[in-house]
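Engineer: Sharing a structure with you now.
The values are calculated or read from the model by the stated rules, or taken from the named source; none is laboratory data. The structure displayed is predicted, hence computed values, not measured ones. Here the Cβ positions follow ideal geometry from the backbone for every residue, glycine too, while neighbour counts run over all protein chains shown.
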Amino acid sequence: MKFDVLTLFPEMFAPIKQSILGRATQKNLIDINLVNIRDFSENKHKKVDDTPYGGGAGMVMMPDVVYRAYKSLNSKDAKVIYMSPQGKTLNQKKVVDLSKEKHLVILCGHYEGIDERVVKKIVDEEISIGDYVLTGGELPAMVLIDSVSRYIEGVLNKDSTSEESFSNGLLEYPQYTRPEIFEGMKVPEILLSGHHENIDKWRKEKSIEITKKKRPDLLK
Ligand code: 4G3
């Protein structure tokens, strides 16, 4: 999967070059191409934003600069996503759907956002990672890239996506590892039994119990 990211702050994407996504990039399973919108300013001071028409606080990213950055990409068959607090809230189903795309272009706004005309011109879908405002769309873009990449074949070692939280509409069962006793607390006996049928049954019951207690809204 190819991700083109249009951003004023490409350096912010260092975290997704680490660990699992770093290895996925090395293996050519994903390709994250960071494009600095500022490189497409034609202003002598590399200006990319201006005051809002009608007045008000903050700055708005200029449409022509964003449009030139977009046009520099080879994105005919790409889905263009704008990370915005006004988008539909991301969830696991949306993540799975997006993981089936071959090419995503992710537009990150800063300041008070981007001039509406270029959003209308190039964006296919507006997505939010939750009902709160951040200083920019970069953290949301990283959340999207991380969550989607996990569903690309070969990115995760085993298929850990089929049993995890949300995959079956429930939260995940509790996990334990060595030592067998930690601060006086024992690992549940059944997990040491080697009886896989009983373990599966116990985990399913725990999933339901935990979902009822922590996220009853998921059961409705
Ligand atoms: C557009 C996304 C972008 C308009 C972006 C602010 C939160 C989210 C921005 C705007 C963002 C989110 C940049 N903050 N909830 N900030 O996904 O007013």
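Engineer: Please work out which residue is farthest from Phe13 (Cα to Cα), limiting yourself to the stretch 96-112 and to residues that are surrounded by fewer than 20 Cβ atoms within 10 Å (Cβ to Cβ) and within 14 Å of the ligand (Cβ to nearest atom).
Structural biologist: It comes out as Glu112.
Engineer: Name the residue, out of Gly87, Gly58, that is surrounded by fewer than 20 Cβ atoms within 10 Å (Cβ to Cβ) and on the phi > 0 side of the Ramachandran plot.
Structural biologist: On the way: Gly87 fails: on the phi > 0 side of the Ramachandran plot.
Going through Gly87, Gly58 in turn, just one is surrounded by fewer than 20 Cβ atoms within 10 Å (Cβ to Cβ) and on the phi > 0 side of the Ramachandran plot: Gly58.
Engineer: Could you tell me which residue of the stretch 113-124 is surrounded by the fewest Cβ atoms within 10 Å (Cβ to Cβ), considering only residues that are at pLDDT 95 or above and touching a helix residue (DSSP H, G or I) at 6+ places or on another chain (Cβ under 9 Å)? Walk me through how you get there before you give the answer.
Structural biologist: Taking the stretch 113-124 first, the residues at pLDDT 95 or above are 114-124.
From what is left, the residues that are touching a helix residue (DSSP H, G or I) at 6+ places or on another chain (Cβ under 9 Å) are 114-119, 121-122.
Numbers: Ile114: 26, Asp115: 21, Glu116: 10, Arg117: 12, Val118: 21, Val119: 20, Lys121: 13, Ile122: 20.
Applying the filter and picking the extreme gives Glu116.
Engineer: Working only within the stretch 126-182, note down all residues that are within 16 Å of the ligand (Cβ to nearest atom) and either exposed (fewer than 14 other Cβ atoms within 10 Å of the Cβ) or over 19 Å from Lys2 (Cα atoms) (or both).
Structural biologist: Scanning the stretch 126-182 gives Ser128, Ile129, Gly130, Asp131, Tyr132, Val133, Leu134, Thr135, Gly136.
Engineer: Moving on to the next point. Looking only at the stretch 158-195, count every residue that is at positive phi and among the hydrophobic types (A, V, I, L, M, F, W, C) and tell me the total.
Structural biologist: Start the filter on the stretch 158-195 by keeping residues that are at positive phi, which leaves 166, 169, 183-184, 194.
Filter once more, so that each one left must be among the hydrophobic types (A, V, I, L, M, F, W, C): 166.
Counting residues in the stretch 158-195 that are at positive phi and among the hydrophobic types (A, V, I, L, M, F, W, C) gives 1.
Engineer: If you don't mind, another one. With (1) within 25 Å of the chain's Cα centre (by Cα); (2) aromatic (Phe, Trp, Tyr); (3) surrounded by fewer than 17 Cβ atoms within 10 Å (Cβ to Cβ) as the list, and Tyr53 as the residue in question, which single condition is left unmet?
Structural biologist: (1)
Engineer: Out of Lys47, Lys17, which single residue is modelled with pLDDT of 95 or more and under 26 Å from Val148 (Cβ atoms)? Full working, then the answer.
Structural biologist: Details: Lys47 fails: under 26 Å from Val148 (Cβ atoms).
Selected residue: Lys17, the only one of Lys47, Lys17 that is modelled with pLDDT of 95 or more and under 26 Å from Val148 (Cβ atoms).
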